[in-house]
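**Student:** A single structure is presented below for examination.
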Amino acid sequence: MIRLLYFAWVRERIGTGEETIEIPGELSLSELVGLLAGRSPGHAAALADRARLRAAVNHEFAAWDARVAPGDEVAIFPPVTGG
Amino acid sequence: MIRLLYFAWVRERIGTGEETIEIPGELSLSELVGLLAGRSPGHAAALADRARLRAAVNHEFAAWDARVAPGDEVAIFPPVTGG
Amino acid sequence: MFEVRVTAEPFDSAHEQARLAALGPDVGALVGFTGLVRDHPLLIEHYPGMAERAIRRVLDEVCTRRALLGAIVIHRFGQLAVGEPIVLVMTAARHRAHAFAAAWQLMDYLKTEAPFWKKAPTGWVEARAADERARAAWTAR
Amino acid sequence: MFEVRVTAEPFDSAHEQARLAALGPDVGALVGFTGLVRDHPLLIEHYPGMAERAIRRVLDEVCTRRALLGAIVIHRFGQLAVGEPIVLVMTAARHRAHAFAAAWQLMDYLKTEAPFWKKAPTGWVEARAADERARAAWTAR
């Protein structure tokens, strides 16, 4: 199981800020996003343009080829705009 | 007549922060300092090393070749250390 | 004293500055940056688990390059009105160059590495390429 | 609001910051530098007629290069104890880069162009070559 967190317009388009999914085993962030995009039209819309997205695995920024495994916390969000 | 102001250790060595002197007409700052150095041993000690001195004429920093004339206010002091 | 706080509450710059000034007789320079809500109200969203950790990491990185005696970083979240403070970065050093460089670098890093997002009445604020460039420029210095 | 004050009195950074923040809804960045007496007490001597004028000139010069909405510079003179504030430079701008650069540049210019001198218990503080270099570096940027 993976805990997924969404922020800003990614959260709004998906319609939730948090969900969990079962994954068979380790996979890349890129593969995970592909899997998530199939869950609903909202997911598909939110995750369509990867260039506009960033991700973190267990509270660290991660590239799309990073590996995720059951038990991880994965967050997907737009580029940050704090400060 | 020129009004002379001295600051920091220049003031201390000369023994006064302010004096006035008569000058015959326009002269360079350099000539003025030479004139002042002859006024007392304290003046001579304070004004001996021009590399350690700075000057202002009428509240503006000035180079040694700047011209001064009767009525001017001339200040002589060490390099500034404010801030 | 190197502190990071992520909070919905307002902060008191004067209080934080007094704490840094009190660090000792070798504090000669304090630099404070305050970011204010400009032009229109903002809703600031953040990633609660990661935000403080990301700022702490930024602070650690800046401290390896600048001789700081202390630093405080406070970032707010929630609904903020125009003129309200969003972020405070305050640094204490013996000399001004370290305090200035550290505060500026901290802000440039925060802008691109701390998980906060701003929503204006017109929609989500887009990340600025200028912020990425400002961040990248520090690695060259 | 572009203010210069030369005074023996303490100043209140929080008060000055509030005044700059109140300039309008386009103020997004406030940078404050406070210089404190470090290590030992200082007697600060100044040239009363010239000091305010020299700082004003420095401020005018910095304003030609940075998009400032306001700035306040306060420099104290007289006998100051360790930990007491000597100087405040505070800038307000839409964006942080202008506020940071202006405050830093103002300080580097003040150090070499404002007629103040510091006397420590051990004697008059010598001008630092590093301050001259810092001043000179701005003309290249």
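What follows is calculated from the coordinates using simple rules that are stated; it is not laboratory data. All values derive from a computational prediction rather than experimental measurement. Cβ: placed from backbone, ideal geometry, glycine included. Neighbour counts: every protein chain shown.
**Student:** With a point put 7 Å past each Cα toward its Cβ, work out how far D:LEU43 is from C:CYS63 in nm, to one decimal.
**Tutor:** Label at D:LEU43, label at C:CYS63, 4.0 nm between them.
**Student:** When only C-alpha pairs under 8 Å and at least 6 residues apart count, what is the relative contact order of the stretch C:11-141, in percent?
**Tutor:** Relative contact order comes out at 34 percent.
**Student:** Taking the beta-carbon count within 10 Å as an exposure proxy, list B:THR81, D:THR139 from fewest neighbours to most.
**Tutor:** The fewest-first ordering by Cβ neighbours comes to D:THR139, B:THR81.
**Student:** Here's a follow-up. Mind giving me the nanometre distance, one decimal, between the label points for D:ARG128 and A:ALA63, set 7 Å out from Cα along Cα→Cβ?
**Tutor:** Using points 7 Å along Cα→Cβ, the separation is 4.1 nm.
**Student:** How many Cβ atoms of partner chains, on average, are near each residue of C:39-47 if near means within 10 Å of its Cβ?
**Tutor:** Average per residue, whole number: 3.
**Student:** Would you tell me the mean number of C-beta atoms belonging to other protein chains that fall within 10 Å of each C-beta in C:73-84, as a whole number?
**Tutor:** 1
**Student:** Just want the ordering: A:ASP72, A:ASP65, C:ASP39, from fewest to most Cβ atoms lying within 10 Å of their own Cβ.
**Tutor:** The order, fewest Cβ neighbours first, is A:ASP65, C:ASP39, A:ASP72.
**Student:** Let me ask something additional. What average number of partner chain Cβ atoms lie no more than 10 Å from the Cβ of the residues making up D:20-30?
**Tutor:** Partner Cβ neighbours, averaged per residue: 5.
**Student:** A further question follows. Could you name the residue in chain B with the C-beta closest to the rotation axis that superposes chain B on chain A, along with the separation in whole Å?
**Tutor:** Result for the B and A rotation: B:GLY83, 14.
**Student:** As an exercise, identify the GluC sites (Glu not before Pro) in the stretch A:1-64 lying in DSSP coil whose Cβ has no more than 16 other Cβ atoms within 10 Å.
**Tutor:** Here the sparse-neighbourhood loop sites are A:GLU22, A:GLU26.
**Student:** Give the cross-link partners of C:LYS119 among the lysines, using a straight C-alpha distance below 24 Å as the criterion and excluding same-chain residues fewer than 8 apart.
**Tutor:** C:LYS111
**Student:** Considering only the label points, 7 Å along Cα→Cβ from Cα, what distances in nm to one decimal separate C:THR64 from the same position in each other copy, shortest first?
**Tutor:** Nearest first, the other copies' label points are 4.2 nm away.
**Student:** Using Cα-only point scatterers and the Debye equation, what is log10 of I(q)/I(0) for chain D at each q in 0.16 Å⁻¹, rounded to two decimals?
**Tutor:** -0.83
**Student:** Using a 10 Å cut-off around each Cβ, can you sort A:PHE61, B:PHE7 from fewest to most neighbouring Cβ atoms?
**Tutor:** Neighbour counts put them in this order, fewest first: A:PHE61, B:PHE7.
**Student:** While we're here: Output the DSSP H helices from chain D with an along-axis C-alpha extent of no less than 18 Å and a mean Kyte-Doolittle hydropathy no less than 1.6.
**Tutor:** Helix filter hits for chain D: none.
**Student:** Follow-up question, since we're still on this one. May I ask you to order C:19-28, C:101-110 by the average number of other C-beta atoms within 10 Å around their residues, highest value first?
**Tutor:** C:101-110, C:19-28
**Student:** Distances in nm, one decimal, shortest first, from B:GLU12 to the same residue in every other copy, taking the label point 7 angstrom along Cα→Cβ.
**Tutor:** 6.6
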